[in-house]
Amino acid sequence: MQLEFFMAQRRELTYCSGVKRFLLVAWFGASAAFAALNLTAAAAAAAPTRLHAVELLETGQPVRIVAFGDSITGVYYHTGGRRAWCDLVGVALHRVYPSANIEMINAGISGNTTTDALKRIDADVLAHHPQLVIVMFGMNDVARSTAEDFRSNLKQIVERIRANGGEVLLMTPNWISPGDANRPVIKVADFAQIMREIGREMNAPVADASRAFQAVELTDHRAWLGLMSDTIHPNLRGHRLFAEEAVRTLTGKRVVLDDLPVLEPGLPWILARLKAKEPVRVVAMKPYDTLIAPALRALFPDAQVEVTTWDAAGKSLVDIEQQAKAIGWSHYREDPKLPKPDLFIVAVPATALTTNDDQYFHAYTWIMNWSLSLDEPGWNCWVILPSVAQPDQDAGQRSAEALALEVIHGQDVPFLRRTAGDAIPTTELFNRELARLLGLPPKP
């Protein structure tokens, strides 16, 4: 298996060109241990250290698991703002052990290094008395810590958790795209290797997400784009990979999370405000800026709805991305006194195209990112694909909609599209889906 993986990388190195080839050559030469794929680490991945927590899972006894990390662990806009790999580990473990009694606690905070982790470990981790802690740091340590500090801090984290009666699963962070001056890819690889070494030294299993992500990047560029929200942070599709690697390392069994349950209701923030009879502010692209208020009032006759039109007509996808940045979460972060919206309706026109798929992925992803709440849930986002208002599309527009759907699935937000042959009027289709997302029967 390791030889096949290594040979696949060498074949990729032979055929890649330009910058990518240079980066791969640099990566292979950067760390002999990393390039050699240490056989001890490989054996550990194939037959992970069996933890007592696994026995508790098998027998249905209560197991409290804390996910301890930075923004790649926490619930942020990169995954749609409602769940992340912590939640998905719980889903995956239930599939392996249907009678498991699991409590998942997310202790991921944006910007944290292992130094920050040690400062808050008592309150955010040990106070919960977890049976298992999954520890994933490193992306910020690469930018702000020395290798020596990272190594020392990781050891202390493992020791503190064990002294509190818990067990530890270490997980290397994801692979990243090149170009970040603060996070050179070679240094990211070196810090991942430090985590592997700590795992061996302290007899702690290591879920090697770094290698799992890198294997995708080296063999399928489109699939790699589909894992990432930006050059550093994975989207929910990437978080599925984290969870699959963590559970495989814990249990020795593979779980595929391609069929995650849909979150219900789809628009919880809006639903709560409507039930509380609080005003609802909506930012909506045309033509849904004129449809949303009547549709909400049909479901909640007393609804107070304020709509701001987002005019994306005639704009390129890159232009719409810039619009999203100007009116999205960064706008409200700069002026916290501004009344925040409760719903963004993103309906990119069919005519908004780009010159290549990479550019389309990037621009569409950031239209969605800017339209989501930055930190804790602060509003909802609903994406409506062009086919809803424009059923007749040419081949280029249909291809763009398929790309958009790939991005949407990665961001884990509700969406509406028209199925082939569906002749339902746009307004009726919109109203029906809105009611469903709010958990209500549609109005006749």
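Tally the DSSP beta bridges in the chain and give the antiparallel ones as a percent, rounded to 5.
Details: 1 of 35 bridges.
Here the share of antiparallel DSSP bridges comes out near 5 percent.
Would you tally the net charge around I270, using a Cβ to Cβ cut-off of less than 11 Å, leaving I270 out, and scoring K and R as +1, D and E as -1? Can you show the working numbers first?
Details: positive: R273, K275, R281; negative: E278, D342.
Every neighbour counted, the sum reads +1.
How much net charge surrounds N153 when only other residues with a Cβ under 11 Å from its Cβ are counted (Lys, Arg +1; Asp, Glu -1)?
On the way: positive: K119, R151, K155, R160; negative: D116, D141, E148, D149, E159.
That works out to -1.
Toward the positive end of the charge dipole of the chain, about the Cα centre and with charges on Cβ (Lys, Arg +1; Asp, Glu -1), which of V91, L385, T231 goes farthest?
The residue sitting most towards the positive pole is V91.
Only Lys, Arg, Asp and Glu count, each charged at its Cβ (+1, +1, -1, -1), so figure out the dipole size of region 268-437 about its Cα centre, rounded to 20 debye.
On the way: 16 positive and 22 negative charges, 110 e Å.
Here region 268-437 has a charge dipole of around 520 debye.
Against the longest principal axis of the chain, how steep is helix 395-411, in degrees 0 to 90 to the nearest 10, with axes from Cα atoms?
Once rounded, the angle reads 60 degrees.
For each of T79, T355, T426, count neighbouring Cβ atoms within 10 Å of the residue's Cβ, then give the residues from fewest to most. Before the final figure, lay out each step's value.
Numbers: T79 28, T355 10, T426 17.
Listed from fewest to most nearby Cβ atoms, that is T355, T426, T79.
Among I367, L440, L416, pick out the residue whose Cα is farthest towards the positive end of the charge dipole of region 325-444, where Lys and Arg carry +1 and Asp and Glu carry -1 on C-beta, about the Cα centre.
L440
What number comes out for the charge environment of V307, summing +1 per Lys or Arg and -1 per Asp or Glu over other residues with Cβ under 15 Å away?
Values: positive: R273, R281, K286, R297, K340; negative: D289, E306, D311, D342.
Charge balance near V307 sits at +1.
Set the Förster radius R0 to 22 Å, insert the Cβ-Cβ distance between Q393 and T355 as r into 1/(1 + (r/R0)^6), and round the FRET efficiency to 0.05. Please list the in-between numbers first.
Working: r = 19 Å, r/R0 = 0.86.
Plugging the Cβ-Cβ distance into 1/(1 + (r/R0)^6) gives 0.70.
With a ≥ b ≥ c the root eigenvalues of the C-alpha gyration tensor of region 268-437, is it rounded (a/c under 1.5), prolate (a/b larger than b/c) or oblate? All intermediate terms of the calculation are to be shown ahead of the outcome.
Details: a/c = 1.97, a/b = 1.21, b/c = 1.62.
Oblate.
Would you count, across region 268-437, every pair of lysines whose alpha carbons are under 28 angstrom apart, provided the pair is eight or more residues apart or spans two chains?
Lysine pairs, 8 or more places apart or on different chains, close enough: 14.
Express in whole angstrom the spacing between the alpha-carbon centres of region 146-211 and region 357-403.
First find each Cα centre; the distance between them is then 35 Å.
For the chain, take the longest principal axis of its alpha carbons; what is the angle in degrees between that and the long axis of helix 209-219, to the nearest 10 within 0 to 90?
70
What dipole magnitude, in Debye to the nearest 20, does the chain give about its Cα centre under +1 on Lys/Arg Cβ and -1 on Asp/Glu Cβ? Each step should come with its number before you reach the end.
Numbers: 44 positive and 50 negative charges, 65 e Å.
I would put it at about 320 debye.
To the nearest 10 degrees, how steeply does helix 2-15 sit against the main Cα axis of the chain, on a 0 to 90 scale?
Once rounded, the angle reads 60 degrees.
With a cut-off of 8 Å between alpha carbons and a minimum separation of six or more residues, what is the relative contact order of the chain in percent?
Details: 752 pairs, mean separation 68.8, N = 444.
Answer for the chain is 16 percent.
How many angstrom lie between the C-alpha centres of region 242-277 and region 409-436?
21
Values quoted throughout were computed directly from the atomic coordinates according to the rules given, and no laboratory measurement underlies them. Values in this document were obtained by computation on a predicted structure and should not be read as measured data. Cβ atoms come from the backbone with ideal geometry, glycine included; neighbour counts cover every protein chain shown.
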